Amino acid sequence: MKNLKNILDSGKTALGIFAACSGTAPVELAAGCGYDFVILDGEHGQADERGIFEQIARLEKYRTAALVRIPAFRHEYVKRMLDYGADGILCPMIESAAQAEEFSRSLRYPPAGTRGMTGIFRASDYNNDFDGYFRSSGDVFAAVQIESVKAVENVEAIAAVPGIDMLFIGHSDLSADYGCYKDFADPRIIAAGKRIIAAAGANGKAVGIVLRNNMDLRAYAEKGVKFICLGTDLGIMQQALREKLQTYRNNCI
């Protein structure tokens with residue numbers, strides 16, 4: 001899957017963003033700037049299914065991996081995003097090994113999985129190279145979000161599920177479930193993070209996060225977190241717009 005798995009397998013840190021916008025320009029800008037991945041956000045983002053299709057297509061010519069966060073685990077979401085050409089799927093709210101296993105199998109064709117078979121779809125170049133796509137389809141990147149107390153309690157079993165490549169720590173939802181929303185320094189959140197990282201490491205899985213305010217990228221990277229979102233396209237634009245405006249107000253008016 002492009003070079004994302006190679007980056008993570010080599011021990012390097014993969015850096016990317018969430019794409020919350022519905023347009024194609026932000027994802028192309030991120031790819032042109034050299035980000036390793038873009039997560040096209042179908043859970044909280046503004047893009048509809050057609051918009052995500054267009055974003056995946058625009059990323060095809062870049063080394064940047066096109067991952068899709070689906071709204072929730074449903075087989076039809078997984079199948080359609082993969083048929084569009086997504087390099088991987090990020091599934092929210094996985095709380096058990098059984099859920100993780102069903103999700104993992106939904107990404108793969110039989111006999112390894114339950115993904116439906118067809119030929120005429122974008123990822124296979126509309127059946128011009130289905131054989132090549134079929135041979136490489138097992139390399140799709142499978143990531144699950146750990147973002148509830150229940151998920152943390154089951155994280156060792158989730159991490160042991162074959163075919164899952166990454167555990168993504170959903171700090172916001174996790175802190176809300178622990179009753180300390182956005183207090184990422186709360187001892188329970190710190191302990192949960194350590195447990196998730198340990199479970200992933202014991203099973204050869206990567207760990208991902210969104211870098212929040214007051215989070216030290218270097219500190220997380222040193223703990224073994226090698227998949228790091230630096231924010232959302234909307235958040236990055238908002239910060240840049242504020243800084244530009246403030247600079248001119250302070251210095252030019």
Scanning segment 1-25 for residues that are in contact with a strand residue (DSSP E or B) (Cβ under 7 Å, 6 or more places away or on another chain) and modelled with pLDDT of 95 or more, the one surrounded by the most Cβ atoms within 10 Å (Cβ to Cβ) turns out to be ALA19
Here, helices (runs of 4 or more DSSP H) confined to segment 124-184 with at least 2 residues that are in contact with a strand residue (DSSP E or B) (Cβ under 7 Å, 6 or more places away or on another chain) are 155-159
Per the filter on segment 177-231, residues modelled with pLDDT of 90 or more, of a type in the set (D, E, K, R) and on the phi < 0 side of the Ramachandran plot are ASP177, ASP183, ASP186, ARG188, LYS194, ARG195, LYS205, LYS226
Going through segment 141-160 in order, the residues found to be touching a residue at least 60 places away in the same chain (Cβ under 8 Å) and more than 18 Å from the chain's Cα centre (by Cα) are ALA157, ALA160
Checked segment 103-122 for anything in contact with a Ser or Thr (Cβ under 8 Å, 6 or more places away or on another chain), part of a helix (DSSP H, G or I) and not polar (S, T, N, Q); matches are ARG105
Over segment 93-112, the set of residues closer than 16 Å to SER137 by Cβ, within 22 Å of the chain's Cα centre (by Cα) and surrounded by fewer than 17 Cβ atoms within 10 Å (Cβ to Cβ) is TYR109
Subset of segment 200-221, residues in a loop (DSSP other than H, G, I, E, B) and either charged (D, E, K, R) or touching a strand residue (DSSP E or B) at 6+ places or on another chain (Cβ under 6 Å) (or both), comes to LYS205, LEU211, ARG212, ASP216
Exercise. Please verify whether segment 191-210 includes one or more residues that are under 23 Å from PHE18 (Cα atoms) and loosely packed, with under 15 Cβ neighbours inside 10 Å.
Key: no
Taking segment 81-106 and the residues there that are charged (D, E, K, R) and in contact with a helix residue (DSSP H, G or I) (Cβ under 6 Å, 6 or more places away or on another chain), the one that is farthest from VAL38 (Cα to Cα) would be GLU95
Picking from GLY51, GLY34, the residue that is small (Gly, Ala, Ser) and in a loop (DSSP other than H, G, I, E, B) would be GLY34
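The values are calculated or read from the model by the stated rules, or taken from the named source; none is laboratory data. As the structure is a computational prediction, the values presented were derived from the model and not from experiment. Cβ atoms come from the backbone with ideal geometry, glycine included; neighbour counts cover every protein chain shown.
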